[in-house]
Every structure is written in structure tokens, then in C-alpha cells.
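Chemist: Have a look at this one.
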Amino acid sequence: MHDRYLTDLEERFIRYVQVDTQADESSPTLPSTAIQLDLQRMLVDELRALGANDARLTDYGAVIATIPTTVDLDIPTIAFLAHVDTSPGFPASGVRPIVHRNYRGGDLVLSDSVRILAEETPYLSEKIGEDVVTASGDTLLGADDKAGVAIVMSMAKHLLEDHSIPHGTIKVCFTPDEEIGRGVHPDLPRDLQADIGYTLDGSDLGEIVYETFSADKGTVQIEGVSIHPGQAKDVMVNALHLAAKIIDTLPQVTRTPETTDGRQGFIHIYHMTGGSASVTLEFILRDFDDKKLAEHGRILASVCETIQLTEPRSKITCTISPQYRNMRNWLQHDMRPVDLARSACEQLGIEVISPPTRGGTDGSRLTELGVPTPNIFTGMQNYHGPLEYVSLQDMEKATEVIVLLAQLWARQD
């Protein structure tokens, strides 16, 4: 591997992670937080300065730009995507990145009280001699997915500067709100005008993902009977008690995130709001198999119906809403996008891994909407928490992969 991308990647990544772009699930706006547009506008300006065509910010907060073809061939238009938002699950303001150069093994010290323990982080032992970036212990780093943003931008810079590289029309896209399930606006496939997509939102070196969870959201609304507690006998129905019964009746030793792995799905309560008069419970339902996903929904609805029967004065409603589906449902019918990504890795001497991913990406929804979009590694680790880190050399290898991948598509008949 060459160091041709390393300096550019580091400069971009360090700069991007210091821009707060945290999403907010409770917000109804597009995007959910205006601060995401701070980075999006910056990316539009940078793409224009590099010479990309039609670099623009859509009215729903996505950035789209075009890298013109360098060949006179009728080949598919390929899009490379990453998301700019960070998870709302941990503080993300005031990120102070630390570059641990030439990592020599052992624990990574982020602050006086926070360190990444090598013995609990097996992947870290593979990064000896590399430059590892962390935050300073009190915020996210934001490698999820600003590592992907930096990789796509470095690819764009390289292709726009070197017109001798043969490739078809390339689309660059940066989405908001991926972390809260709103990354793919219904208009995005139309605006993107791509035949094939790749998200740069994966983890370990060599990871090419074409199988993700299918996902639904479950919302349970409980309306009790409210009255002053001094006059509550035989009148009050405490919605909090009913909520506790629902949670307690749901599976506890199976079908939860903490009791499942591999291809097992789950029912996960992640948010509860309200008081004795009214409570809202929010669940995510996940499985690789759509039939099993539907079963999770039926279990949740059945438990709600059962608790409703114990207290007819209450009103309990359970709403199951689809979020995204396993991209394999579509990709298995034409594996060329996956096979070419694997080929790019193999030609660069990178061992390919394709684990089923216990999560989803913008690619899940894009694939469902007709743009087959596997997911490619960035190197990010321990994301959504303060122990997040990424190797700059992993990012460099991801950049090498997508530059070569663009060329491999140009060689297709």
C-alpha cells in the first residue's frame, strides 16, 4: 500500500470530526438537526473546489455531486455514500481527536480516567505500527461515519485530479440522519441517478457486507386513568404499572439484544416516556429473516393485548412500522456489486470477510428502493461510545479499494 491518501485522509478526518453533527430522533425537521448542515455545506464547497459537477445540497439535507466519466463506454453509474450524522446516544460536542502515531500495542490512553483496554479489544492488536485516532474520553469520535466521509472525499479528490484513471460516471453522496433511520429520503434514488451504490459505513478491514438486519419499529401507547392519588381507590389506572407489566411479560432470557448474537433477532425496548396517566414505549424489532421479524411484532402486539385484557379501563395501542429490510433479499439475485467489491479487495491483497451485520445502513433502504448498495469497511471500531477508534491505514486501504472498484466497473461488458 502507498501513502498517497494518508495525509489527505488524516487532515479531512480530523477536521470533520470536530464539527458536531449529532442527530435527534425526537425532531421532526429535515434534517433532524440544523448542525448537520454545517458539515454538509462544507462538503459542497470542497467538492466544488475539487471540480466536481453539480455539487449541491438537497432540500432534505443530502449532498450529491458528480465525478464525470473518463471513458466513452456505456457502463453503470456508481454511487459512493457515507453519512455525516453521529449517534444521539452519547455526547458528540467538542470532539478533541488524538492521533496515536505508530501504535506500539497495549492500552490506548484517552484521558486520566479513560483508556481503551487492549485485552478487551482484539482488533486493536492487529493495528500495531499504524496510526490510530481516538477522541479524548468524554465524547464520541465520530468515525461512524466521518471515516466514510473522509474516504469518499479522498477518492473524489484523486479521481478528479487524475483523468487518466478509467472510470464511468461516479456519484458522491453524503446523507444526514442515518443513525435515526432517516438517511434515505424517498427522493434520494431519483436525485442520485445511480445504478449501483456502495456505502462506506463498515467496520473491520476487508469487510464487504451484503446481509443486514430487517427492521421494524414498535410503538406502544398506554393511556391510564388519572386522578388525584388521595381519591384514587378503585378509579386510578396507573399507566406506569401497565408499562412495567408489558416489559416484564416480554421475553427476558431470549429475544433481547443481550441474549442474542449471530443470526438471532430481538425485541429491544430503548425508550420510555410518560407518567402515571400516559406512557409511550418505543421498541426496535430486528431479524435477518422477514418472517421471524413479523413474529417479533406479533409477540409484542400479543403481550399488549393480554395486558389490555387485565385492565379494560385502560387503552393500549401497539403500532408496528417498517424501517428497512435485509439487503440480501435483493442482492442475492445479482451479486455483481458484491463480487466486484470483493475482487477489488483481493487484487489489493486484502482478505475479504462478509459477516451478516447486526444493524443496517443507508444501503439497506437504497437497495430496497432499487439501487443495490452493499457496505464497505472503513476501519471504525467501538462506535456509539467514548472508546471509539479508527486506524488511518484502514481508511487508506478503503480508499484504495473504492478507487480500484470504480475502475473495475469500467471494465465490465
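Chemist: Any residue at all in region 153-175 that is without any contact (Cβ under 8 Å) to a residue 40 or more places away in the chain and over 23 Å from residue 39 (Cα atoms)?
Modeler: Initial filter on region 153-175 (without any contact (Cβ under 8 Å) to a residue 40 or more places away in the chain): 162.
Narrowing further to those that are over 23 Å from residue 39 (Cα atoms): 162.
Checked region 153-175: at least one residue is without any contact (Cβ under 8 Å) to a residue 40 or more places away in the chain and over 23 Å from residue 39 (Cα atoms).
Chemist: How many residues are open to solvent by less than 20 Å² (accessible area, probe 1.4 Å) and among the hydrophobic types (A, V, I, L, M, F, W, C) if we restrict to region 102-123?
Modeler: The number of residues fulfilling the criteria is 3.
Chemist: Against the definition (crowded, with 22+ Cβ neighbours inside 10 Å, within 27 Å of residue 393 (Cβ to Cβ) and not hydroxyl-bearing (Ser, Thr, Tyr)), how does residue 287 come out, yes or no?
Modeler: No: the conditions fail for residue 287.
Chemist: Hey, another quick one. Considering region 254-306 alone, what residues qualify as being over 21 Å from residue 212 (Cβ atoms) and basic (Lys, Arg)?
Modeler: Scanning region 254-306 gives a single hit, 298.
Chemist: Which one of these does residue 302 not meet: (1) free of Cβ contacts under 8 Å to residues at least 40 places away in the same chain; (2) under 30 Å from residue 354 (Cα atoms)?
Modeler: (2)
Chemist: Any residue in region 92-120 that's at negative phi and part of a helix (DSSP H, G or I): show its pairings with residues that are of a type outside the set (Ser, Thr, Tyr) and surrounded by 15 or more Cβ atoms within 10 Å (Cβ to Cβ) at Cβ separation under 8 Å, as long as the two are six or more apart or on different chains.
Modeler: Hits for this filter: 118/108; 118/124.
Chemist: Also, I was wondering about something else. From the list 223, 207, 211, which one is more than 30 Å from residue 148 (Cα to Cα) and open to solvent by 10 Å² or more (accessible area, probe 1.4 Å)?
Modeler: 223
Chemist: What number of residues within region 121-147 satisfy the criterion of being in contact with a strand residue (DSSP E or B) (Cβ under 9 Å, 6 or more places away or on another chain), of a type in the set (Ser, Thr, Tyr) and not in a loop (DSSP other than H, G, I, E, B)? So that I can check it myself, show each step before the final result.
Modeler: Kept after step one, since they are in contact with a strand residue (DSSP E or B) (Cβ under 9 Å, 6 or more places away or on another chain), are these residues of region 121-147: 121, 123-124, 126-127, 130-137, 140-147.
Narrowing further to those that are of a type in the set (Ser, Thr, Tyr): 121, 123, 134, 136.
Pick out the ones that are also not in a loop (DSSP other than H, G, I, E, B) and you get 123, 134.
Here the count works out to 2.
Chemist: Residue check, residue 239 against (1) open to solvent by less than 10 Å² (accessible area, probe 1.4 Å); (2) at pLDDT below 95, all met but one. Which one?
Modeler: Of (1) open to solvent by less than 10 Å² (accessible area, probe 1.4 Å); (2) at pLDDT below 95, only one is false for residue 239: (2).
Chemist: Name the single residue that is nearest to residue 88 (Cα to Cα) among those in region 267-299 being of a type in the set (D, E, K, R) and in contact (Cβ under 8 Å) with a residue 24 or more places away in the chain.
Modeler: 282
Chemist: What is the one condition in (1) of a type in the set (S, T, N, Q); (2) surrounded by 15 or more Cβ atoms within 10 Å (Cβ to Cβ); (3) touching a residue at least 60 places away in the same chain (Cβ under 8 Å) that residue 136 does not satisfy?
Modeler: (3)
Chemist: I need the strands (runs of 3 or more DSSP E) fully contained in region 193-292, keeping only those with at least 1 residues that are among the basic types (Lys, Arg).
Modeler: The qualifying strands (runs of 3 or more DSSP E) are 214-223, 278-287.
The values are calculated or read from the model by the stated rules, or taken from the named source; none is laboratory data. What you are looking at is a predicted structure, and each value in this text was computed from that prediction instead of being measured. When we count neighbours, we look across all protein chains shown, and the Cβ atoms used for this are built from the backbone with ideal geometry, even at glycine. To get the accessible areas, we keep the full protein, side chains included, count just its heavy atoms, and leave off ligands, DNA and RNA. Shrake-Rupley method; radii C 1.70, N 1.55, O 1.52, S 1.80 Å.
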